[in-house]
Each structure stands twice: as structure tokens, then as C-alpha cells.
Amino acid sequence: MQLGKKSKTTDIFEKVRNELGASAEETAPLVAAPLHSAASASQPIANDSANPINIVINETISAEVSREGVVKSYEIKGDLQLSISDPSLNKIKLAVTAEESNGVQFKTHPNVDKSLFTSSKIIQAKDANRPFPANGNALGVLRWRQASKPGVAEDSSTLPITFVVWVNAGANNHYTITIEYELIYPEQRLQDVVISIPYQTSEPVINSPDEVYEVTGYSVDWNIKFINAENTSGSFEFEAQADDEGEFFPMNVRFRKDTPFVNVDVSSSSHKHEHPPYLP
């Protein structure tokens, strides 16, 4: 995932706070959507010109989490993309794993046989006379979505990682902010994790010199290469002056993940080879 250049949004946060009033700051979220984005890819069936079939699974997660780590809402969206560059392979059939648990909803492309997918979790073209395109372009053949119910707080285990923020106010509008994270499932592996904390009044002083971070003109970006079984928890602390502690919220978290959060994968494939006509 490319981090790129971020646009400054602190003016928008200030406008929202002014409109909601002081009471709203007590319940302001730790992280506004998106909490994090996870892009994952399955192993392609083939990834070169000699084996011209590629399958990629993409997934994004967005969530709103309170400063205490309570998941207020979340949404997971994903798709399975198929690309074929050999016309003789355009009648491929994919046997997939698509676990329909925790309210996950699946939707097939209009050109995919929906009834076959529903009954057998097989992805193939609905019309044999209209097979999948073989132009090398990616076609999203399957989509899925999982989301929280409106107004219902979710268990923290809904997401792969949790955060808790401690705010200590001192004299002269001086604040000490401590951020803690914990990996919920040690068998999972997150990488290129970036926690961005906004600020406005003064540039923060970092109290965690052993951590990797970057201070820009409008945020502190805490960078963690891997969060896994060997690194399941950690913390980051800084000090700064601010007119109000709300200047440090909402924080934004993003990362990459090797496997999708929803259990989706391709278990096998088969295809009918169409031989070209004999030319004398």
C-alpha cells in the first residue's frame, strides 16, 4: 500500500467539533473511518506469460473505534479478481472457499453462474457461449461484504488489532499521549502498520525514541514494520501543547495483511481447452 502524501484535514475536524459542541468531545472516536485498510492477495494460479491465469483477492476494512478500544462500527469489503490472457483458457471453473459466517454477504458478477456458486461454491461463466474475457484485464467475479449492525457496539475481537489511548492533561495546556496496541489473533501477521496522530498547536516531543516515527507539519506517523506473534503489543508516547485534547483525534491506522479477514480462497481450478482449428 502506498502511503503517499496526505492532505491536511485538521480544519475539518475543528469545524465538526465546533458544530457538535464540547459534550461531543467526550465520546469522540479514537479513529474515524477508515480505521485501517488491509489489502491482501492470494497466491495466483499463474503469474507469468507461460501460465496466463491470475487470481487476486483484495479486501479493505474500515472501522470507528473509541479511545477505550470499543468498536463502534466496522465494514469489510472484498473482491476476487480473475484475469486471463489465453483465449483457450476462458472457460475456467474455480472452486472457492467462501465462508458465510458473521453476516458475510457474497455477490457474483452478472456473467457468473449464481446458482452454481450458491450451491457448490463454483465460479464459472453463466453462458457457455459467453466465456470469461481473455484480454488480460482483471474482472471482479466475486464480491463480499461484512458490516456491523447500526447502533450495536461490536466486540473488540471483531478486528485483528485493538488500540487504547491514554490522555494526561498537565499545566499550561500540556498533554501527554500514550497509545497502546494489541494483536488479537497472534497467528495473524500485519505489516507496514502506520498510526497517524494529528496535531495543531505545537510540534510533539517524542518520548519513545526506540520507535520508528516521522513528524510532519500536521501529524505524527508511528511506523511498525510487523505486528505478529513475536510482536503482539507495544506503545508509543509523546508530549505536546494543545488548546484541547481533541486536536489529537481522530487517529488513523492503516496496514497490509497477507490473507483476507473474511475466509475466502481458491481451492482448485479446471478448464476446458479449446483447440484452434487445423490450418493446412
Discussion item. Go through (1) without any contact (Cβ under 8 Å) to a residue 40 or more places away in the chain; (2) in a loop (DSSP other than H, G, I, E, B); (3) open to solvent by 90 Å² or more (accessible area, probe 1.4 Å) for D127 and report which single condition fails.
Written reply: (3)
Practice prompt. Look through F117, F132 and report the one residue that is part of a loop (DSSP other than H, G, I, E, B), open to solvent by less than 30 Å² (accessible area, probe 1.4 Å) and either modelled with pLDDT of 90 or more or more than 30 Å from S66 (Cα to Cα) (or both).
Written response: F132
Worksheet item: Do we have E180 as closer than 27 Å to E245 by Cβ and of a type in the set (D, E) here?
Response: yes
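Per-residue answers, yes or no, for (1) out of contact with any Cys (no Cβ under 9 Å at 6 or more places or on another chain); (2) under 30 Å from V165 (Cβ atoms); (3) of a type outside the set (F, W, Y); (4) at pLDDT 90 or above:
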{"site": "A24", "(1), (2), (3), (4)": "yes, yes, yes, no"}
{"site": "L30", "(1), (2), (3), (4)": "yes, yes, yes, no"}
{"site": "S37", "(1), (2), (3), (4)": "yes, yes, yes, no"}
{"site": "D48", "(1), (2), (3), (4)": "yes, no, yes, no"}
{"site": "N51", "(1), (2), (3), (4)": "yes, no, yes, no"}
{"site": "K72", "(1), (2), (3), (4)": "yes, yes, yes, no"}
{"site": "K77", "(1), (2), (3), (4)": "yes, yes, yes, yes"}
{"site": "L82", "(1), (2), (3), (4)": "yes, no, yes, yes"}
{"site": "I92", "(1), (2), (3), (4)": "yes, no, yes, yes"}
Item to complete: Report those strands (runs of 3 or more DSSP E) wholly inside the range 209-280 carrying at least 1 residues which are modelled with pLDDT of 90 or more and more than 28 Å from V165 (Cα to Cα).
Response: 264-270
Worksheet, complete the sentence: When every residue in the range 135-165 that is more than 29 Å from A95 (Cβ to Cβ) and open to solvent by less than 40 Å² (accessible area, probe 1.4 Å) is compared, the one modelled with the highest pLDDT is V165
Worksheet item: Across the range 83-114, what is the number of residues that are open to solvent by 80 Å² or more (accessible area, probe 1.4 Å) and either among the aromatic types (F, W, Y) or part of a strand (DSSP E or B) (or both)?
Response: 3
Discussion item. Exactly one condition in (1) farther than 25 Å from R67 by Cβ; (2) within 24 Å of the chain's Cα centre (by Cα); (3) surrounded by fewer than 17 Cβ atoms within 10 Å (Cβ to Cβ) is false for V212; which is it?
Written reply: (1)
Practice prompt. Could you tell me which residue of the range 233-259 is farthest from the chain's Cα centre (by Cα), considering only residues that are within 30 Å of N58 (Cα to Cα) and of a type in the set (S, T, N, Q)?
Written response: S235
Worksheet item: For the range 197-208, how many residues are assigned to a strand (DSSP E or B) and exposed (fewer than 15 other Cβ atoms within 10 Å of the Cβ)?
Response: 1
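The values are calculated or read from the model by the stated rules, or taken from the named source; none is laboratory data. In this text, all values refer to a predicted model and were calculated from it rather than measured experimentally. Virtual Cβ from ideal backbone geometry, glycine too; neighbours counted across all protein chains shown. Please note that ligands, DNA and RNA were not included when accessible areas were found on the heavy atoms of the full protein model with its side chains. Shrake-Rupley method; radii C 1.70, N 1.55, O 1.52, S 1.80 Å.
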